[in-house]
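First the structure, in the form of structure tokens, and then the observations on it.
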Amino acid sequence: PPTTVAPTTAAPTTVPPTTVVPSTTTTTIEIPVAPTDSLWDIIEREEELSEFEQFVIDAGFQDELDDPTRVFTIFAPTNDAIAAANEAPADSLPTDPGDLSDLLLAHVSDIDPAPELADLLETTSIDVLFGGPQPIASAPRPALGKIGDAKIVFQADPASNGVLYMIDKVLTPQP
């Protein structure tokens, strides 16, 4: 008789279950943190501005520079700039509070937003709170630029209410 071959099936195999973990990519996004220090905080902290700090106090302007709702650009003469102005007999700095306040305001602009250096140097002048506009110009290194006859020697970190530039001369109010 003919033989018949019976089909066979392989025994089922058990494979342990596997878990496939999807690959992930982490993207870090730098979110700039808003500055928390006010212009007044920066002036108080900068040792090179202790004389300017005293001018601000004598003029009674510190609360304005600490106000988060006000925006200013400050051109603050360094201690050396103020000392040099006091040594020049014709240019000695005023001691009368009103005159001192006027001189201080010749160093302050309330343009909003306060211009960063690159934007500032694209202009030819900036309106200040006392006197006519102060001329702006580029300057050879190491100066960052010029305002009036003064060289901009340093830009402080941004403040919550504006920008502060240190300058090497006391500004003369413009007519």
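The values are calculated or read from the model by the stated rules, or taken from the named source; none is laboratory data. Being a predicted model, the structure only gives us computed values, none of them experimental. A quick note on method: Cβ atoms are made from the backbone with ideal geometry, for glycine too, and the neighbour counts reach across all protein chains shown. Calculation scope for accessible area: heavy atoms of the full protein, side chains included, ligands and nucleic acids excluded. Shrake-Rupley method; radii C 1.70, N 1.55, O 1.52, S 1.80 Å.
Tabulated data for the structure shown
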item	result
Phi to ³J(HN,Hα) by Karplus 6.51 cos²θ - 1.76 cosθ + 1.60 over region 165-175, Hz, x for Gly, Pro	10, 8, 10, 9, 8, 6, 6, 8, x, 7, x
Fraction of accessible area attributable to carbon and sulfur, region 100-143 (%, probe 1.4 Å)	56
Long-range amide H partners of PHE72 with built H, under 5 Å	GLY162, VAL163
Ranked by how many other beta carbons lie within 10 Å on average, peptides 80-88, 66-74 from highest	66-74, 80-88
Highest average packing first - 36-46, 123-133, Cβ atoms within 10 Å	36-46, 123-133
Heavy-atom surface of region 29-175, accessible at 1.4 Å and reported per residue (Å²)	53
Computed FRET value (nearest 0.05) for THR95 with GLU48, which takes r as the C-beta separation and R₀ as 30 Å	0.85
Shape call, region 58-173: gyration tensor on alpha carbons, a/c limit 1.5	oblate
In nm, spacing of pseudo-spin labels at ASP102 and SER125 (7 Å Cα→C-beta vector)	1.9
Phi to ³J(HN,Hα) by Karplus 6.51 cos²θ - 1.76 cosθ + 1.60 over region 49-63, Hz, x for Gly, Pro	10, 5, 6, 5, 4, 5, 4, 4, 5, 4, 8, x, 9, 5, 5
